[in-house]
Amino acid sequence: MLNWFHRLGSPKTFFEISGRWQVPLLSLAVLMLAGGAAWALLFVPPDYQQGNSVRIMYIHVPAAILAQSGYVMMAGAAAVFLIWRIKLADVAVKCVAPLGASITFLALVTGAIWGKPTWGTWWVWDARLTSTLVLFFLYIGVIALRSAMDRQAGVGRACAILALVGVVNLPVIKYSVDWWYSLHQPASFSLTEKPSMPIEMWLPLLVMVIAYYLFFFSVWMMRIRNEILVREKNTDWVKQWLAVR
Amino acid sequence: MKFGRMKSHRRNRLLLIVFIVCAAGGATTFALFALNENINLFYSPDQIAQGEAPVGKTIRAGGMVQDDSVTRTGEGLGVSFVISDMKSAQVTVEFEGILPDMFREGQGVIALGQLNSEGVFVAEEVLAKHDENYMPPEVAAALEEAHESGVDTGQKAGYE
């Protein structure tokens, strides 16, 4: 297991293995996204109170879930980089930050669009919304720190430490609706608890959540492959790989 | 990945990371505890009834709109209703303006406004709070029927 972990830590091995996964993973992600979106937009029944604006949930909830678990993954990669100094982990941190920021932005915007017809306001400074905005700024911070320290020694470590410190925001987001009175409702989607909606509304949401994850992983992988090529451009294997093309 | 087999410099870095995250977590916890009252978006009807909410300051009040409590006052857009925590505490809210589409009796609302000296909450803005339960209209109708015949559907909205 540890051996396999070390082998995958080599940029060349990662590049070769991910090359085989890239197309099937991305095709499956796009297929599920299209299918799930069509299902959610056309066939799911409207909600008894929200009417058709319930369909925003199928874009919003997966984005909000992924915004948080994307941060967990970024922090995990940051810890691996700090402890084992595996360069690929630093590449992973660099490549996931813009993705996480985009997903968080999507969650914030779709939440606002849903909030207007449902709550009667685009935005309110309640604990859930504010802590999610902080999550967005943390992603932006990691991106900004990297570009500010570009090519300086220790840039990877600085970004990794920032990413790790930001982890304290995650329990705040997750439990904000339980710890404090907020406008935002408790979680709509959970794999461990009884669903808060009938199966014909829950199943397309599950499809969308899986599709978001697959899409996230495939784009993350493609970005890492690209970054590997840039960083290793003077090595023999990259020159060889480019020569074949 | 046995801890005992880890090289000592790696173990030190791991411990340092754990320490940094714990320290940041501790600091955040203290800050949030200190700010606890300010992070709550609204006062519950119970808090208002207990006199915990300041009078004459702009605050938010949240609760469930009590059934049959919504009355139109006067000719214009004036409306008054009672919010409760579904137990004993009740607060009367007066509002003049357009209520959100999702406003209805038995649903949660959050009102922004001021508590006057008679204990009436004069709202400038009313937001509808939505719970995490979703269902198609037919299911809701079926539940309603079941509820009327005395079956507990287990619905709640977080005001208890």
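The values are calculated or read from the model by the stated rules, or taken from the named source; none is laboratory data. A quick note: this is a predicted structure, and the numbers were derived from the prediction, not measured. Here the Cβ positions follow ideal geometry from the backbone for every residue, glycine too, while neighbour counts run over all protein chains shown.
Identify, please: which residue in segment A:65-79 is in contact with a Phe, Trp or Tyr (Cβ under 9 Å, 6 or more places away or on another chain) and surrounded by fewer than 23 Cβ atoms within 10 Å (Cβ to Cβ) and is, among those, farthest from A:Ala163 (Cα to Cα)?
Initial filter on segment A:65-79 (in contact with a Phe, Trp or Tyr (Cβ under 9 Å, 6 or more places away or on another chain)): A:65-67, A:69-71, A:73-74.
Subsequent filtering for residues that are surrounded by fewer than 23 Cβ atoms within 10 Å (Cβ to Cβ) retains A:65-66, A:69, A:73.
Numbers: A:Ile65: 18, A:Leu66: 16, A:Ser69: 13, A:Met73: 10 Å.
Per the stated criteria, the residue is A:Ile65.
Being β-branched (Val, Ile, Thr) and more than 30 Å from A:Glu200 (Cβ to Cβ) narrows it down to one of A:Thr118, A:Thr110, A:Thr130, A:Thr104, so name that one. Spell out how you get there, then give the answer.
Working: A:Thr118 fails: more than 30 Å from A:Glu200 (Cβ to Cβ); A:Thr110 fails: more than 30 Å from A:Glu200 (Cβ to Cβ); A:Thr104 fails: more than 30 Å from A:Glu200 (Cβ to Cβ).
Exactly one of A:Thr118, A:Thr110, A:Thr130, A:Thr104 is β-branched (Val, Ile, Thr) and more than 30 Å from A:Glu200 (Cβ to Cβ), namely A:Thr130.
Would you be able to tell me the number of residues in segment A:111-137 that are closer than 21 Å to A:Cys95 by Cα and either more than 12 Å from chain B (Cβ to nearest Cβ) or among the hydroxyl-bearing types (Ser, Thr, Tyr) (or both)?
Total satisfying the criteria: 5.
Do we have B:Val70 as surrounded by 12 or more Cβ atoms within 10 Å (Cβ to Cβ), under 13 Å from the mean Cα position of the chain (by Cα), among the aliphatic types (A, V, I, L, M) and in the same structural domain as B:Thr92 (by TED's automatic domain parsing) here?
Details: surrounded by 12 or more Cβ atoms within 10 Å (Cβ to Cβ): yes; under 13 Å from the mean Cα position of the chain (by Cα): no; among the aliphatic types (A, V, I, L, M): yes; in the same structural domain as B:Thr92 (by TED's automatic domain parsing): yes.
Here the answer is no, as B:Val70 does not meet what is asked.
Does B:Ile83 satisfy the condition of being over 20 Å from the mean Cα position of the chain (by Cα) and β-branched (Val, Ile, Thr)?
Against the criterion (over 20 Å from the mean Cα position of the chain (by Cα) and β-branched (Val, Ile, Thr)), B:Ile83 does not qualify.
Those residues that are in contact (Cβ under 8 Å) with a residue 60 or more places away in the chain and in a helix (DSSP H, G or I), I need them from segment A:78-87; list them, please.
Restricting attention to segment A:78-87, the residues satisfying the condition of being in contact (Cβ under 8 Å) with a residue 60 or more places away in the chain are A:78-79, A:81-82, A:84, A:86-87.
Answer for segment A:78-87, where residues must be in contact (Cβ under 8 Å) with a residue 60 or more places away in the chain and in a helix (DSSP H, G or I): A:Ala78, A:Ala79, A:Phe81, A:Leu82, A:Trp84, A:Lys87.
If I filter segment A:20-34 for residues that are touching a residue at least 12 places away in the same chain (Cβ under 8 Å), out of contact with any Lys or Arg (no Cβ under 6 Å at 6 or more places or on another chain) and within 14 Å of chain B (Cβ to nearest Cβ), do I get at least one hit?
There is no residue in segment A:20-34 that is touching a residue at least 12 places away in the same chain (Cβ under 8 Å), out of contact with any Lys or Arg (no Cβ under 6 Å at 6 or more places or on another chain) and within 14 Å of chain B (Cβ to nearest Cβ).
Report the residue count in segment A:44-63 for those that are facing another protein chain (nearest Cβ under 9 Å) and either under 16 Å from the mean Cα position of the chain (by Cα) or surrounded by fewer than 22 Cβ atoms within 10 Å (Cβ to Cβ) (or both).
Selection size over segment A:44-63: 6.
Those residues that are at pLDDT below 90, over 30 Å from A:Ala92 (Cβ atoms) and more than 8 Å from chain B (Cβ to nearest Cβ), I need them from segment A:185-208; list them, please.
A:Glu193, A:Lys194, A:Pro195, A:Ile199
Residue by residue through segment A:112-126, note down the ones that are part of a helix (DSSP H, G or I) and within 18 Å of A:Ala63 (Cα to Cα). Working first, answer last.
In the first step, residues of segment A:112-126 are kept if they are part of a helix (DSSP H, G or I); the result is A:112-118.
Once the filter is applied, which keeps residues that are part of a helix (DSSP H, G or I) and within 18 Å of A:Ala63 (Cα to Cα), segment A:112-126 yields A:Ala112, A:Ile113, A:Trp114, A:Gly115.
Condition (residue is among the β-branched types (Val, Ile, Thr), out of contact with any Pro (no Cβ under 6 Å at 6 or more places or on another chain) and within 30 Å of A:Ala153 (Cβ to Cβ)) applied to segment A:122-130: is it met by at least one residue?
Quick first cut of segment A:122-130, residues among the β-branched types (Val, Ile, Thr) only: A:124, A:130.
Among the residues that remain, those that are also out of contact with any Pro (no Cβ under 6 Å at 6 or more places or on another chain) are: A:124, A:130.
Narrowing further to those that are within 30 Å of A:Ala153 (Cβ to Cβ): none.
Within segment A:122-130, not a single residue is among the β-branched types (Val, Ile, Thr), out of contact with any Pro (no Cβ under 6 Å at 6 or more places or on another chain) and within 30 Å of A:Ala153 (Cβ to Cβ).
Output yes when any residue across segment A:87-105 is at pLDDT 95 or above, surrounded by 18 or more Cβ atoms within 10 Å (Cβ to Cβ) and among the basic types (Lys, Arg), and no when none is.
yes
Failed condition for B:Leu16, given (1) within 10 Å of chain A (Cβ to nearest Cβ); (2) in contact (Cβ under 8 Å) with a residue 60 or more places away in the chain, with all others met?
(2)
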